[in-house]
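These notes concern the structure reproduced below.
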Amino acid sequence: MLKVGLTGGIASGKSVVGEMFVGWGAHLVQADGIAHQLMRPGQPVYNEVVRHFGGGILNPDLSVNRSKLAEAAFGSSTSLSPAVDPPAASPIPSRIEELNRIVHPAVIRRQEEWMEEMGSQDPTAVAVVEAALILEAGARKRFDRLIVVTCSEEQRVRRFAARQNLSLEAAGKEVARRMAAQLPEAYKTKAADFVIDNSGSLEQTREQAQQVWQQLSAEVTTPR
C-alpha cells in the first residue's frame, strides 16, 4: 500500500484533485470529514472542545456551531472548519493552540486507523489523506508521498468568495489572514514529492493529476 498525503493552501483545489484520484482507483479520506465525526455530541473530542470553549459554541440541538467555535478560537467570525484549517504558523493565539491540541491528535489517529484498514483490505491500494495541515501538524513522516496543490492568489480569492458567499474584498482579507498564518506555500512545495498547479483550466489540472497518478500506481505495484 502507498500512503499519500494531499495538501495545499485554502481554496487551492485539493478536493477537486482528490476526486480525480478516486476516479482512477484511489481510496480517499478527508480530514475535514473526520473532524466533523469527532465533533458529534458524545464523542470524546466533542466533550473536550465544549469543556474548553463553553456551551456558547453549541446550537440548540447541542451540535457544535462551527462558526461560533471558529470565532472563539480565532477571534473572528468564519465558517471554516477550525479543526482542519486553523492558522498554524508562529505566533499562534493560545486559544487556537488549545483547539489544535484537542483535535489534531484524534484526527491523525483516525487517519492512521483508516490507512491501516485500507492496507489490510488491499495491499496494492493507494490511500490518500486530504488534509490542509499535514506539514503544520508534523504528520509528513506518516506518508510515503506528499502532493501539494497550488493556485494563483486571484483564483484562491474568487473560489473562497464563492464558497463562503463573501464579497471579493472580504474574501481577499480572510484569505490573506489565513495564508499568512500557515506555512508559506513555497515551503510546502519544497517539501512535496509532487506539485499540481491548479491555476489553469480543469483539463490542465487533470493532465497533471493523471501524470502523478500514473507514477503512484507504478510505485505501488513495484516491490520496494
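The values are calculated or read from the model by the stated rules, or taken from the named source; none is laboratory data. Just so it is clear, the model here is predicted, and its values are computed rather than measured. Glycine gets a Cβ as well: all are built from the backbone with ideal geometry, and neighbour counts include every protein chain shown.
Key figures for this structure:
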quantity: Any chance LYS141 is of a type outside the set (Ser, Thr, Tyr) and surrounded by fewer than 20 Cβ atoms within 10 Å (Cβ to Cβ); calculated: yes
quantity: Number of the condition not met by GLU116 [criteria: (1) part of a helix (DSSP H, G or I); (2) under 14 Å from SER12 (Cα atoms)]; calculated: (2)
quantity: Test: LYS173 is of a type outside the set (A, V, I, L, M, F, W, C) and either buried (at least 21 other Cβ atoms within 10 Å of the Cβ) or within 21 Å of VAL195 (Cβ to Cβ) (or both); calculated: no
quantity: Residue within segment 120-138 that is part of a helix (DSSP H, G or I) and modelled with pLDDT of 90 or more present; calculated: yes
quantity: Checking ALA218 against (1) under 30 Å from PRO123 (Cα atoms); (2) assigned to a helix (DSSP H, G or I); (3) under 16 Å from the mean Cα position of the chain (by Cα), the condition it does not meet; calculated: (3)
quantity: Selected residue (criterion: modelled with the lowest pLDDT) from residues of segment 161-193 that are in contact with an Asp or Glu (Cβ under 8 Å, 6 or more places away or on another chain) and farther than 17 Å from LEU133 by Cβ; calculated: GLN164
